[in-house]
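To keep things clear, I will list the structure first and then write my remarks on it.
The values are calculated or read from the model by the stated rules, or taken from the named source; none is laboratory data. Source: prediction; values computed, not measured. Here the Cβ positions follow ideal geometry from the backbone for every residue, glycine too, while neighbour counts run over all protein chains shown.
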Amino acid sequence: MRVLGDIDLAEDAVQEAFATALRRWPVEGLPANPGGWITTTARNRAIDRLRRDARGQELLREMGALNPNPPDEPEVHPVTDDRLRLVFTCCHPALSTEARVALTLRLLGGLSTAEVARAFLVPEPTMAQRLVRAKRKIKAARIPYRIPADHELAGRLRPVLAVIYLVYNAGADRGPRDDIGTQLRHEAIRLARLLAALMADEPEVAGLLALLLLTEARRPARYTPDGSLVLLREQDRRRWDRSLIEEGHAIVRACLRRDRPGPFQVQAAIGAVHTDAGSVQTTDWGQIVALYDHLHALTPTPVVALNRAIAVAEVAGPAAALAVVDTLGLDGYHPFHATRGDLLSRLGRHDQAGQAYQRAAALASNPAERGYLTRRARELGG
Amino acid sequence: MAHYLLSVHTGPGSAGEPPTAEQMQDTMHRMSRLEDELKSSGAWLFSGRLAEADTATVVRGAGPDGTDVLTTDGPYLESKEHIGGFYVIAADDLDAALGWAAKVTAIIGAPIEVRPFAGLST
């Protein structure tokens, strides 16, 4: 795309090049530099196509004028560099958050427009329109296709990490045994791995990857075989994925040594403390409260304060935690009511707990969570 | 190279405390230095500051075959915020244009809309 300057054309050309590769490589064997081969083939394909129509002829002349010496020498890391550029184009702050997510899944994740539409519960024509509009803006406003310079990197990396995190959570929110949900979670982890490999100097990229790995590791124990939710304190920790945990812990340790903390690294460290313990009773809750204090200093939001209060309940008891929770204005957020329900029931205030669980169930969108919350409300006679 | 319109949006609410003569002078001074920078880098194509929006007049076609014109007082859009001034600049890409917009907004404290011209990129 850096060469072609046209996102649709580049996308089509790369797809054609992959198709050609699939036909030829099994017969002719792998080329010495498969990545470079794809880029070169895609570029040649695109140039062939441009030659076939008049608009293309004009574009080719412009490209010739812009770039008198097209690179003929074999490129060393063309595919990885090109993908990194594409991440920053798709997640440019001049695009809406919805458009960033949709473009990332479509162009980097390779999901079809229909799949992206299903993932975000919008009709396919709406999603197609969103993608067309975003691509038109990229072209018309000349959103650049390059890795930002060092002085702008921090600001530009933040929306990229936010998009990947959003993709993971969109997948996780879909509940157990949901193919699209699984696809989104795996895609988010794949993108985080790619970014971590390409930007090894950025501790928040590593932090995001570790956070996703340590969240994903606990996923097998999060639902019963019939699909209902299991809370952390009741989870069978033998079902956690040890290899993901080890990988996540190694990254968190590297982040601690580097000592340039950020919100994703602190959240990953919290995940590391949880996955370090054999049970809720042996969990180092003091450490978790301290990490939430740190996170709250970095991102002072009511949601962080709520999660901190959940840890406070384990250190200072449910009454102290409830006093904090009741000051948070999170009435439309179902975990707020679920947390109140839990703390109230631990304090023996069953009627109020039942009401809180009912409110939480009415707000929850994931059927497994809604099922759990409804059951708790019933048990408490709410 | 592409061309962009940087429009400065101002309204009664965006002003806050009326600036002192000294602050006005300082802003003007910094703006003229920025304009020198725009010009010496080759980015500047045109710029201008507009009179108050209530000095605008709208002309539209009227009559059965559109031969007549209807002239009305006031700006076209019923809005509290109006374009107070603008720059037309040439930039390599959107990031370069946003960079100039950030410099302008830092001086005048009002938001800037950055909009590409259609079909002018080379």
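Points to keep in mind about this one:
- Strands (runs of 3 or more DSSP E) fully within the stretch B:52-122 that include at least 2 residues being without any contact (Cβ under 8 Å) to a residue 60 or more places away in the chain and surrounded by 11 or more Cβ atoms within 10 Å (Cβ to Cβ): B:57-62.
- Exactly one residue out of A:Arg174, A:Arg233, A:Arg142, A:Arg185 is among the basic types (Lys, Arg), surrounded by 14 or more Cβ atoms within 10 Å (Cβ to Cβ) and part of a helix (DSSP H, G or I): that is A:Arg185.
- Evaluation of A:Val132 against the conditions (1) at pLDDT 95 or above; (2) within 14 Å of chain B (Cβ to nearest Cβ) shows that the sole unmet condition is (2).
- Among the residues of the stretch A:140-155, those identified as facing another protein chain (nearest Cβ under 9 Å) and charged (D, E, K, R) are A:Arg142, A:Arg146, A:Glu152.
- Scope the stretch B:104-122; condition within 14 Å of another protein chain (Cβ to nearest Cβ) and either aromatic (Phe, Trp, Tyr) or more than 14 Å from the chain's Cα centre (by Cα) (or both); matching residues: B:Phe117, B:Ala118, B:Gly119, B:Leu120, B:Ser121, B:Thr122
- Restricting A:Val325, A:Val304, A:Val266 to those that are hydrophobic (A, V, I, L, M, F, W, C), under 25 Å from A:Arg370 (Cβ atoms) and under 21 Å from the mean Cα position of the chain (by Cα) reduces the list to A:Val304.
- Given (1) free of Cβ contacts under 8 Å to residues at least 24 places away in the same chain; (2) surrounded by 18 or more Cβ atoms within 10 Å (Cβ to Cβ), number of the condition A:Gly317 does not satisfy: (2)
- Residue satisfying condition, being assigned to a helix (DSSP H, G or I), of a type in the set (Gly, Ala, Ser) and either in contact (Cβ under 8 Å) with a residue 12 or more places away in the chain or under 26 Å from A:Val325 (Cβ atoms) (or both), within set A:Ala250, A:Ala297: A:Ala297
- Selection from the stretch A:350-366 of residues that are surrounded by fewer than 16 Cβ atoms within 10 Å (Cβ to Cβ), out of contact with any Leu (no Cβ under 8 Å at 6 or more places or on another chain) and free of Cβ contacts under 8 Å to residues at least 60 places away in the same chain: A:Ala362
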